[in-house]
Amino acid sequence: MNASLSEKLAERTAITRTVTVGIIIVILVIAAAVGIFLATTPSHSTTTTGLSTTSTTQTTQSSFAYPVVTNVPQNLTDAFYPATPVTLSMYEWSGIPPQYMIQQFEAAFPNIHIQSTPNQDVSGLLSALDTHQHVYDGFRVLYSLLPQEVSTGEVMNIGPWFNQYLGYLKQQITPAAFKLVSAGKTGAMYCIPEDFAPVALDYRADIFNKYGLTVPTTWAQFAQDAAKLHTENSSIYMTIFPPNEPSSDLMALFSQGGGNMIVPAGNNSWNVVINSTKNINVINFWGNLISAGSVTAMNLYTPQYDKMLTEGQIASFVTAAAWYPGYLIEPTAPNEAGLWRVANMPQWNSTGPFVSGQISASCIGVTANSVDPRATFLYAFYTTQTPQVLPWMWVNEGQWTSNTYNLANLKYPNGSSVFLSNASYFGGQDIGQVYLYAQEHMPTQWVWSPFQITIQTILQEQITEAAAGQITFASALQNTETIMIQYVQSSGGTVVGVGH
């Protein structure tokens with residue numbers, strides 16, 4: 001409008017003084033109005049805990065203005081919201097975010113349309129990236145698989161954008177999540193953390209009371225209690241050890257014990273530390289319990305597992321992620337309401353600092369070939385970290401947020417906590433407090449590698465053989481390391497160190 005007015009003033013030099021004065025007055029009024037708008041528009045919207053999303057702007061191609069959205073920094077919107085409509089294709093493993101969240105985002109940012117591909121097999125993303133062409137603009141993936149996606153060279157390092165526009169989240173998200181989204185590359189960031197999965201000890205309080213067991217604070221005490229329980233009642237096991245879940249349960253135990261699997265040591269160079277002293281300590285502990293019969297090896301999510309859980313033959317879960325209580329134990333064993341409790345994970349060192357563990361969760365990233373990487377980044381932030389998204393995702397999808405600040409502080413409009421509340425199934429205990437504490441004490445040495453899919457395949461085969469008594473658990477770990485050394489080398493990598 002101002003440019004057009006300048007042209008007219010230049011062309012019509014014969015315009016009367018009265019009209020000129022009138023035009024000047026109009027310009028001054030417009031300028032004052034714009035000044036008032038800029039002065040009253042916040043550069044960073046204050047984080048609130050309401051569940052609604054507000055966009056004060058209806059955007060069309062003929063009239064453009066930046067939306068003002070609750071809990072979204074205005075400088076981020078101004079820099080990343082597209083001036084013309086764009087459609088983003090998102091690879092969304094397991095169907096998250098769901099359509100409800102996508103529609104909420106599109107209502108807040110009407111120039112961005114999301115075309116999602118939910119419920120795809122995790123290998124589909126790797127195949128798409130390997131084409132080195134535009135297939136997806138963004139993706140949701142497990143932390144454990146992110147390094148393999150990054151190894152294609154087709155995942156964008158979003159660290160500079162995150163640091164510039166979302167730096168405040170570094171004080172809110174658990175440091176362990178930032179380590180995982182670096183894909184083992186110092187200073188890099190390839191995803192915005194979404195959920196997280198700290199683990200705790202979920203146990204049957206009635207069984208513990210009946211057999212005189214105290215909640216174990218160390219693994220040594222856990223082993224003693226496991227032997228005592230199974231001796232007094234051979235139909236009950238202290239816990240189960242799942243051979244079919246090495247990529248989650250066993251890795252949680254390794255990470256808590258200070259171990260790792262394959263660690264980057266430079267440009268395509270690796271330390272293969274699968275058979276390290278720390279991991280051997282963990283695997284032998286569980287192998288001894290299984291050999292003694294006080295713990296049973298059993299695959300999760302099987303009819304036998306369901307039967308034992310509902311019949312009270314499982315006294316505890318030692319790597320119960322934050323979503324276990326409400327999304328696994330309670331739905332499977334509704335008859336056991338009021339009998340379960342949650343406690344901190346037992347420790348290897350009774351005098352050292354408390355250390356928890358975690359199983360793999362998910363994050364959302366941007367592809368290198370995105371048609372609009374800035375709009376994709378905006379979507380990734382909104383659907384992973386804004387307070388209006390987190391309550392719905394927790395209640396309906398079991399997504400325990402990576403944002404520790406929001407775990408402790410996010411509330412519904414009525415003042416009740418979203419993540420921290422008394423759970424009737426767990427005898428009225430505020431189990432969220434236990435998981436919050438676990439997330440605040442997460443080890444940060446753990447990294448995933450680009451070889452994770454192969455590791456978990458080989459390790460599952462080896463652990464299954466050990467559980468069947470065909471080999472020792474120590475041999476299972478050694479065999480896995482030997483195979484993986486050969487695999488890394490055959491893939492063109494250099495192994496500079498093994499077990500320690």
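The values are calculated or read from the model by the stated rules, or taken from the named source; none is laboratory data. Every value quoted in this text rests on a predicted model; they were computed, and no experiment measured them. Because the Cβ atoms are built from the backbone with ideal geometry, glycine has one as well, and the counts that use them run over all protein chains shown.
If we keep just the residues of region 336-364 that are outside any strand (DSSP E or B), polar (S, T, N, Q) and at pLDDT below 95, which is surrounded by the most Cβ atoms within 10 Å (Cβ to Cβ)?
Quick first cut of region 336-364, residues outside any strand (DSSP E or B) only: 336-339, 344-346, 348-357, 359-361.
In the following step, the residues that additionally are polar (S, T, N, Q) were identified as 344, 349-351, 356, 360.
Remaining after also requiring at pLDDT below 95: 349-351, 360.
On the way: 349: 11, 350: 11, 351: 6, 360: 20.
For region 336-364, the residue satisfying everything is 360.
Please go through region 309-333 and pick out each residue that is in contact with a Ser or Thr (Cβ under 6 Å, 6 or more places away or on another chain) and farther than 24 Å from residue 251 by Cβ.
313, 333
In region 232-259, which residues are assigned to a loop (DSSP other than H, G, I, E, B) and in contact with a strand residue (DSSP E or B) (Cβ under 8 Å, 6 or more places away or on another chain)? Can you show your working first?
Of all residues in region 232-259, those assigned to a loop (DSSP other than H, G, I, E, B) come to 233-236, 238-239, 242-245, 257-259.
Within region 232-259, 236, 238, 239, 242, 243 qualify.
Here is a list of conditions, (1) surrounded by 19 or more Cβ atoms within 10 Å (Cβ to Cβ); (2) within 27 Å of the chain's Cα centre (by Cα); (3) farther than 19 Å from residue 454 by Cα, and residue 255 meets all of them except one; can you say which number that is?
(3)
Return a yes/no flag: does region 111-126 have any residue that is out of contact with any Gly (no Cβ under 9 Å at 6 or more places or on another chain) and charged (D, E, K, R).
Within region 111-126, one or more residues are out of contact with any Gly (no Cβ under 9 Å at 6 or more places or on another chain) and charged (D, E, K, R).
If a residue must be of a type outside the set (Val, Ile, Thr) and surrounded by fewer than 19 Cβ atoms within 10 Å (Cβ to Cβ), how many such residues does region 218-243 contain?
The total comes to 9.
Any residue at all in region 457-479 that is closer than 21 Å to residue 265 by Cβ, of a type in the set (Gly, Ala, Ser), in contact (Cβ under 8 Å) with a residue 24 or more places away in the chain and crowded, with 21+ Cβ neighbours inside 10 Å?
Within region 457-479, not a single residue is closer than 21 Å to residue 265 by Cβ, of a type in the set (Gly, Ala, Ser), in contact (Cβ under 8 Å) with a residue 24 or more places away in the chain and crowded, with 21+ Cβ neighbours inside 10 Å.
Anything in region 483-500 that is touching a residue at least 40 places away in the same chain (Cβ under 8 Å), assigned to a helix (DSSP H, G or I) and exposed (fewer than 13 other Cβ atoms within 10 Å of the Cβ)? List them, or say none.
none
When only residues in region 265-281 that are modelled with pLDDT of 95 or more and either in contact with a Ser or Thr (Cβ under 8 Å, 6 or more places away or on another chain) or part of a loop (DSSP other than H, G, I, E, B) (or both) count, which is surrounded by the fewest Cβ atoms within 10 Å (Cβ to Cβ)?
The qualifying residue surrounded by the fewest Cβ atoms within 10 Å (Cβ to Cβ) is 269.
How do the pairs read when you match residues in region 415-435 that are more than 11 Å from residue 325 (Cα to Cα) and surrounded by fewer than 18 Cβ atoms within 10 Å (Cβ to Cβ) with residues anywhere that are among the aromatic types (Phe, Trp, Tyr) and modelled with pLDDT under 95, using Cβ under 7 Å and keeping only pairs 6 or more apart or on different chains?
Between residues of region 415-435 that are more than 11 Å from residue 325 (Cα to Cα) and surrounded by fewer than 18 Cβ atoms within 10 Å (Cβ to Cβ) and residues that are among the aromatic types (Phe, Trp, Tyr) and modelled with pLDDT under 95, there is no close pair.
Within region 180-217, restricting attention to residues that are within 23 Å of residue 446 (Cα to Cα) and among the aromatic types (Phe, Trp, Tyr), which residue is surrounded by the fewest Cβ atoms within 10 Å (Cβ to Cβ)?
190
For region 430-450, check the following and say yes or no: at least one residue is among the charged types (D, E, K, R), in the same structural domain as residue 252 (by TED's automatic domain parsing) and in a loop (DSSP other than H, G, I, E, B).
Yes, that holds for at least one residue.
Any chance region 374-389 includes a residue that's in contact (Cβ under 8 Å) with a residue 24 or more places away in the chain, surrounded by fewer than 20 Cβ atoms within 10 Å (Cβ to Cβ) and not assigned by TED's automatic domain parsing to the domain that holds residue 204?
The answer is yes; a qualifying residue exists.
Search region 102-135 for residues being assigned to a loop (DSSP other than H, G, I, E, B) and aliphatic (A, V, I, L, M), and hand back the single one that is surrounded by the fewest Cβ atoms within 10 Å (Cβ to Cβ).
122
Being closer than 21 Å to residue 407 by Cα, touching a Phe, Trp or Tyr at 6+ places or on another chain (Cβ under 7 Å) and not small (Gly, Ala, Ser) is the filter; apply it to region 313-335 and report the residue that is surrounded by the most Cβ atoms within 10 Å (Cβ to Cβ).
Among them, the one singled out is 325.
Taking residue 393 as the residue in question, decide whether it is in the same structural domain as residue 209 (by TED's automatic domain parsing) and either at pLDDT 95 or above or in a helix (DSSP H, G or I) (or both).
no
Since residue 438 meets every condition but one in (1) within 30 Å of residue 89 (Cα to Cα); (2) among the aliphatic types (A, V, I, L, M); (3) buried (at least 21 other Cβ atoms within 10 Å of the Cβ), which condition does it not meet?
All conditions are met except number (1).
For (1) closer than 30 Å to residue 202 by Cα; (2) out of contact with any Ser or Thr (no Cβ under 7 Å at 6 or more places or on another chain), each residue gets a yes or a no:
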residue	(1), (2)
427	yes, yes
432	yes, no
442	yes, no
470	no, yes
477	yes, yes
482	no, yes
